[in-house]
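Structure, as structure tokens:
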Amino acid sequence: MYVRRTRVRRGGRTYCYESVVRSVRVNGKPRQVRIASLGRVDELSATDKDELLRVLRKWAGEPVAVAGAAGMAAEGPDPDLGATRSYGDVVAIERAWDAVGLSAILRGLIGDRRVSFDLERAVFAMVANRLSDPRSKYGTADWLWRDVYLPTGEPLDADELYEALTWLAEVQGEVEERLFRGLVADGRVDATAVFYDTSAIWFEGRGPEGLAARGRSKGTHPPNRRLILLGLVRSLDGWPIAHRVFPGNTADVKTVEPMLRDLVERLGIRRFVFICDRGMISEEVIRLFEEELKVDYLIATKLRSDGVVRDGVLSRAGRFREVDEQLGVKEVYCKGVRYVVCRNPVEVEADARRRAEILETLKTKHLDRPCKATTKRAKKLLTSQTFGRYLSEVDGFLVIDSAKVKRDDRYDGKWVLRTNLSARDVPKEEVAQLYKKEGAIEHDFRDLKSFLELRPVYHRIEPRVRAHVFVCVLAKVVARELETRLHRSGFIGTSVEAVIEELGRVQVTEVGTGEARRFVRARLSAVHEDLFRRLEIDPSSLPWRLPVYEVRRPRRTKLDNVEAERQRQERKRKRHEAWLAQKAAQSRRRTGRRTE
């Protein structure tokens with residue numbers, strides 16, 4: 001066996017190829033059989049040739065030379081390679097964690113509290129896990145054990161993570177206050193306007209009594225589940241600044257007052273515009289805005305059920321001022337209150353088309369034959385949100401009311417905003433544009449539910465439930481910092497989730513034995529270097545060699561869970577077999593008695 005070199009002349013240039021061949025005899029004649037192609041050797045650098053030689057010698061079973069860059073001897077036995085762990089994603093997350101001040105805030109709150117582990121590192125580990133690979137607390141302990149390079153001081157187990165959750169629930173309010181004030185002082189947060197919305201989060205199991213409750217289904221969770229209601233406040237520039245957890249049966253309108261008092265009394269925001277949707281409005285809330293707290297507000301109103309809007313605001317004549325192709329606005333004052341009527345021309349056509357389809361369905365499927373108003377079918381149609389608004393009773397039968405159909409035309413493509421902002425300070429065009437930004441808070445809830453996997457909740461103790469939600473909110477704050485850095489660099493086209501996933505491919509491998517044991521980082525690709533620079537991290541600052549740290553094996557791992565499940569299924573199978581044997585014996589005894 002030897003290396004054969006072949007030269008090929010093409011286009012005035014000579015190319016050199018090498019391959020590994022061996023000689024064999026076929027029908028008594030020598031022939032060369034190619035074992036492996038080594039490609040163009042004239043393009044290989046000295047380092048590449050050394051690497052090729054190392055691979056060939058290892059394949060041949062000879063001692064392998066180990067590259068000096070790995071921090072080992074130039075020659076010697078094969079290195080003892082250990083586990084490979086993700087590294088790049090945690091580096092990016094930790095830089096953002098420190099930048100928003102969370103590390104300093106948590107360490108300042110620990111104070112003289114004596115624990116056997118680092119509380120700040122435990123909270124960071126749970127936040128990093130939410131962003132990198134969301135798991136349960138037992139799963140997070142398993143993740144720390146063998147999937148990620150994350151020194152945490154004393155090794156962490158699930159018990160320490162649960163203890164950190166309990167502590168975080170105690171200091172949650174103080175952390176939120178210090179975080180908000182720090183972000184405002186750094187100029188990151190613009191709190192001149194805030195957006196507020198709620199979302200239901202469901203449990204697996206019963207959850208804590210008094211907090212987990214059966215609430216109104218919004219079509220976003222499985223039926224018959226206990227819920228909590230998460231209220232989230234978002235700043236004008238997209239930062240989560242406050243949140244509250246309410247029992248699952250709390251009405252949305254009942255959450256506004258405690259949230260407002262948090263912003264005014266706890267966070268100390270004195271001048272801001274509170275923006276929320278129509279589900280939050282009531283006369284008590286309006287009085288709270290205008291008389292007690294004296295807060296500016298901008299809220300959507302109910303078109304059909306609010307008599308003032310339906311009969312007073314929408315009936316006023318007036319031209320719409322076109323802001324853009326999809327927005328026209330006009331201003332109406334009714335009973336001393338300022339309303340801004342908004343219209344989307346595209347939605348006007350869509351609403352008219354939907355109404356025509358509904359009327360056609362009524363004519364062809366439901367009212368194709370006379371329908372008495374006293375029948376169950378009629379009552380079902382009258383109470384339907386889709387069909388009931390177009391129906392009336394005439395001579396004991398249901399008919400389509402042409403007056404209601406014509407009146408419904410006034411709602412097409414429109415929504416109405418109520419505000420106490422002065423027209424001199426905030427023109428009607430800016431009012432409409434400001435409210436349109438309220439929809440961005442839905443992206444925050446989507447990230448919390450899908451990217452950070454806030455739901456379902458498995459905890460059964462109330463402080464841990466609240467702390468689990470807070471961990472996810474802190475993860476969203478860190479994600480916002482990463483997103484801000486990407487936008488500053490002009491980076492578009494992908495999400496923070498995708499960036500973190502890509503950086504997770506930058507890994508470290510455990511190399512060596514004994515005292516020479518260490519972690520060695522993989523070479524960064526051009527993509528990874530670009531992402532680190534956009535996140536304002538110098539790739540050259542990332543060390544090649546990292547120290548080894550002690551990692552505790554969790555008391556219960558996924559493998560243990562698999563084995564426990566196998567044993568449970570085996571016990572279930574044996575119980576079933578015993579039940580079948582008992583039934584068979586009973587059947588034999590009954591058959592024997594009948595035979596006698």
Using per-residue counts of other Cβ atoms within 10 Å, averaged over each peptide, order 396-404, 481-489 from highest down. 481-489, 396-404
At q = 0.05, 0.06, 0.10, 0.13 Å⁻¹, what is the log10 ratio I(q)/I(0) for the chain, with the Debye formula run over Cα points and no solvent? -0.39, -0.54, -1.03, -1.38
R0 = 25 Å: FRET efficiency of Ile110 with Tyr458, Cβ-based, nearest 0.05? 0.40
Residue by residue through the range 378-393, the couplings from Karplus 6.51 cos²θ - 1.76 cosθ + 1.60 with θ = phi - 60°, in Hz, x for Gly and Pro, are 5, 5, 5, 5, 5, 8, 6, 5, 7, 9, x, 5, 9, 10, 9, 9
Given charges at Cβ of Lys, Arg, Asp, Glu: the chain dipole, positive-most of Gln385, Ala440, Pro547: Gln385
What ³J(HN,Hα) values, in whole Hz, does the Karplus curve 6.51 cos²θ - 1.76 cosθ + 1.60 give for the range 462-476 when θ = phi - 60°, with x put for Gly and Pro? 4, x, 6, 4, 5, 5, 4, 4, 5, 4, 5, 5, 4, 4, 5
Given R₀ = 51 Å, FRET efficiency for Ala423-Thr375 by Cβ-Cβ distance, to 0.05? 0.45
Take the alpha carbon gyration tensor of the range 447-493, find the square roots of its eigenvalues, order them as a ≥ b ≥ c, and report rounded if a/c is under 1.5; if not, report prolate when a/b exceeds b/c, else oblate. oblate
What is the magnitude of the charge dipole of the chain about its Cα centre, with +1 placed on the Cβ of each Lys and Arg, -1 on the Cβ of each Asp and Glu, and no other charges, expressed in debye to the nearest 20? 3540 debye
Distance-filtered residues of the range 146-170 - backbone nitrogen under 20 Å, label point 7 angstrom along Glu515 Cα→Cβ: none
Taking the convex hull of the alpha carbon atoms in the range 170-303, what volume per residue do you get, in Å³? 126 Å³
The range 458-525, dipole about Cα centre (Lys/Arg Cβ +1, Asp/Glu Cβ -1), debye to the nearest 20: 120 debye
For Cys342, Cys371, Cys334, ascending order of other Cβ atoms within 10 Å (fewest first) is Cys334, Cys371, Cys342
Most exposed to least, judged by fewest other Cβ atoms within 10 Å, Tyr297, Tyr549 sort to Tyr549, Tyr297
Got the relative contact order for the chain handy, in percent, Cα pairs under 8 Å and 6 or more residues apart? 17 percent
What's the center-to-center distance, using Cα atoms, between the range 97-141 and the range 320-381 in Å? 51 Å
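Can you tell me the dipole magnitude for the range 481-587 around its Cα centre, using point charges on the Cβ only (Lys, Arg +1; Asp, Glu -1), in Debye to the nearest 20?
For this selection, approximately 920 debye.
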Rounded, prolate or oblate: which fits the range 345-412, taking a ≥ b ≥ c as square roots of the Cα gyration tensor eigenvalues, rounded meaning a/c under 1.5, else prolate when a/b beats b/c? prolate
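So if we plug the beta-carbon distance of Glu174 and Ser103 into 1/(1 + (r/R0)^6) with R0 = 22 Å, what FRET efficiency do we get, rounded to 0.05?
The formula returns an efficiency of 0.90 here.
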Excluding residues fewer than 8 places away in the same chain, name every one of the lysines whose C-alpha is closer than 27 Å to that of Lys294. Lys254, Lys302, Lys330, Lys335, Lys428, Lys436, Lys437
Relative contact order in percent for the range 345-412 (Cα pairs under 8 Å, 6+ apart) equals 31 percent
Per DSSP helix of 4 or more residues, -39500 (n - 2.57); summed, then divided by the residues of the chain. What does that give at 222 nm, rounded to the nearest 500? -12000 deg cm²/dmol
Distance in nm between pseudo-label sites at Arg571 and Leu382 (7 Å out along the Cβ direction from Cα): 5.8 nm
Extending each Cα 7 Å along its Cβ direction at Arg552 and Arg316, get the distance between those two points in nm, one decimal. 6.6 nm
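No lab work stands behind these numbers, since they all come straight from the coordinates. In this text the structure is predicted, and so the values were computed from the model without any measurement. Every residue, glycine among them, receives a Cβ derived from its backbone with ideal geometry; neighbour counts consider all protein chains shown.
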